[in-house]
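The values are calculated or read from the model by the stated rules, or taken from the named source; none is laboratory data. For clarity, every value in this text was computed on a predicted model and none was experimentally measured. Heads up, the Cβs are rebuilt from the backbone with ideal geometry, glycines too, and the neighbour counts pull from every protein chain shown.
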Amino acid sequence: MRNRTPMVFSTTPGVSRESIFKRQASPDVMRSVTKCNIWAILLTTLMLVSTVQLPTEVTEEIKPTDTTARQNSVEAACEGLTFEDMFNYTHATFDIQLNDDWSSAYVQAVAWINGSLSDQVRLDLEGLFEGLPGGDNGWLSSDEYSAIENIASECVTQTNPRVGFRGGPAHRGGEGVNWYNATWENTEENPLTVEEWNLMPMNHIDERSCEQSPNSNCVEIPNIPLTPGRNCDTTINDPDECRIIVWLNGTFVFDGLTLGGLSNDEFTLAMNTSNMTNADLYATYPPLEGLRVGMFEECDGRLINQENNDQQGSAPVPGTCVSDGTITQESRLVSIGGETRLRVDVHVEYDMNNWPTGQDMFFDMTTEPPEVDDPPMWTNAAPAEGDIMTIADDGVAYFVSTGQMGAWASDDQGSPLISCSGAEGWSMNSDGDGLYADAPAGQDSTTVSCFAMDSAGQTTDVRNYTLQVPLRPNSNGVSNGNAEITMQGTSGAPEMQVVVTLVQEDAQVSSDSTTLASGGTSSVSVDLSSMSPGPFMVRINAQGAGMADFSHSYDLNMAKESSPPSVTVNDGFWNGESYEISGFVNDPDGDPVTISGMNGGYDWGTFQVQGNNWLASGPGIPEAATNDLTITVCDNWNQCSSVIHSAGETPGGNDPDPPAPVDSSNDDGGGGLPGFSLFAALGVIALAGLIHQRRE
């Protein structure tokens, strides 16, 4: 099997998505414009990456080998697109960390594309190649995949983050005000990267050789699963083509804000969310005393020009926006590097069949104290005085998350920050995810004192807790298809109800709940049949009286062994002095496999694998009375199996000379498919026309 590594882009791929244009106010127009733009990029890329010379009749008119020309064409085509124009995701998170210079932010984004949306991604991507050999034929090829990779590096820097920052009193824009002043940066100091997983699954059951391609190693997969029972709308056995993941890491820059030196700093963060749904955004600000959300407002109904954010229409007065309430937000204080910072969490979700005409959100930020500012309070969910806060002891571990902080204490200005002290020798600290510590070896517990604090510095009363390692797990290995795990309760921990879960990237299975006595021992056995071969983590959840819920994932160096693949020979025959052989290969775990051959103790044959089929050819041993070929197949866990095939006596080599090759240098091109370079040249002509139209 071929091993395909995930595609790593230096920037976001320039892939338009026809399906998402139902979100826009004028779907037919927007679909046409954006698809033409991406067409231009792809055609240019196909030409630039081709090693075949352009036809002589067009070389004088078209010279698109210059890098600047390519960058200009990509810029013209990608400008104004958004992340959602490229990937219609099932769910996405965007973590935005504003830098201390108040003029840039680092963004980490993850998008999950599941079910039939993964079909649609491949359909839209492959449909962009309509008119080229093998294009828009229902199959996504490795050639098309590579073309996207080649143009991605210049595309995302022209896309629109749809984020803006404006200093001063709250307002909502209006004529001449372009809210969205943030742009992507892509430099050696601040590179922007995009990675994807599984756009082209490396072990697709329906993979085949490309029917039309200038590259002999081209393969293609169906955009929609073909094998009966594999349908991404009604997933059976979780086929891998029904899942795609995209990662984006990069920096965007914006006009600097002069903050921190005024008595009452004010600014507004704005973002257009017209084609976002099931998305979570987290914005963390630099340390600024008293910073809070003065007003949040969702404004629906304004259609924004996608390409340059102009034509924003009339601006409502702050506080008068009409919305459908599909955006929710909350603010919280976090401690990063010993500094208290404000973080704002936003969730956007609405019916995908009912996209809003336009949707903006505005955060009016201020350091002016509120008219009424009550101190924070412990909630009923918080541990009581003297209760146990749990922590694992396998290295640095969190014992209070930001989510727990929001549940344990409340404030009229958002979730307060919980701070703790004590725990001498436990290396206690905090970051944007919560409070963490490193329990010293052999110690079960220590005492800490904690309080909650709001943005004005007001605090709750102090509560004293026991920071406790509740249990320690150990692996007893894998036996009879089960993972065997023993847990030892610690001194001072209460009796607990424990659930053990085995976790892999794409699978997990849990045990029944079991009782672990204080200081006692309990063993569990978890069935591995639904797990994939390879390592897995062990997550333990425990609950007990007077103890905060415990959840932690341990690496106990446990793994499920792989079942070896099988290989069979279907047919074999001599073709002159070369032996041709074919057969089938199957890996019960669905792992990638490699296949090789031996003949008389020597490496033999050239092998090709497509799906579950393999074929090979190679010479016989000269004048040998028998050729016993050993065909061996191995998976990526080094589990192997072999089959021996007798090819018989090596032929004498008296075959007639093969026909002389045909000289095609003077071919007038009257038969077969057009050369790849011709299509590249036509692509450049089309590109020139499209750019000319855009400039007009």
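List of remarks:
- Where Gly457 falls short, out of the listed (1) surrounded by 13 or more Cβ atoms within 10 Å (Cβ to Cβ); (2) part of a loop (DSSP other than H, G, I, E, B); (3) over 33 Å from the mean Cα position of the chain (by Cα); (4) not charged (D, E, K, R): (1)
- Residue match in region 569-576 (condition: over 25 Å from the mean Cα position of the chain (by Cα), without any contact (Cβ under 8 Å) to a residue 60 or more places away in the chain, crowded, with 16+ Cβ neighbours inside 10 Å and in the same structural domain as Leu629 (by TED's automatic domain parsing)): no
- All of Asp412, Asp433 fail the test of being touching a strand residue (DSSP E or B) at 6+ places or on another chain (Cβ under 8 Å) and closer than 30 Å to Val346 by Cα, apart from Asp433.
- Single residue of region 156-214 satisfying the filter (small (Gly, Ala, Ser) and not in a strand (DSSP E or B)) that is farthest from Thr284 (Cα to Cα): Ser213
- Residue, surrounded by the most Cβ atoms within 10 Å (Cβ to Cβ), within region 460-507, restricted to residues that are among the β-branched types (Val, Ile, Thr), more than 28 Å from Ala407 (Cα to Cα) and at pLDDT 95 or above: Ile485
- The residue that is nearest to Leu291 (Cα to Cα), among those in region 376-396 that are surrounded by fewer than 16 Cβ atoms within 10 Å (Cβ to Cβ) and among the hydrophobic types (A, V, I, L, M, F, W, C), is Met377.
- In region 420-444, the residues that are part of a strand (DSSP E or B) and surrounded by fewer than 20 Cβ atoms within 10 Å (Cβ to Cβ): Ser421, Gly422, Asn429, Asp431, Gly434, Tyr436
- Restricting attention to region 506-523 and to residues that are touching a strand residue (DSSP E or B) at 6+ places or on another chain (Cβ under 6 Å) and in contact (Cβ under 8 Å) with a residue 40 or more places away in the chain, the residue that is nearest to Met496 (Cα to Cα) turns out to be Leu516.
- Which listed residue, of Glu623, Glu649, is part of a loop (DSSP other than H, G, I, E, B) and at positive phi: Glu623
- Single match in Ala452, Ala407, Ala392 (criterion: closer than 23 Å to Asn541 by Cβ and either at pLDDT 95 or above or assigned to a strand (DSSP E or B) (or both)): Ala392
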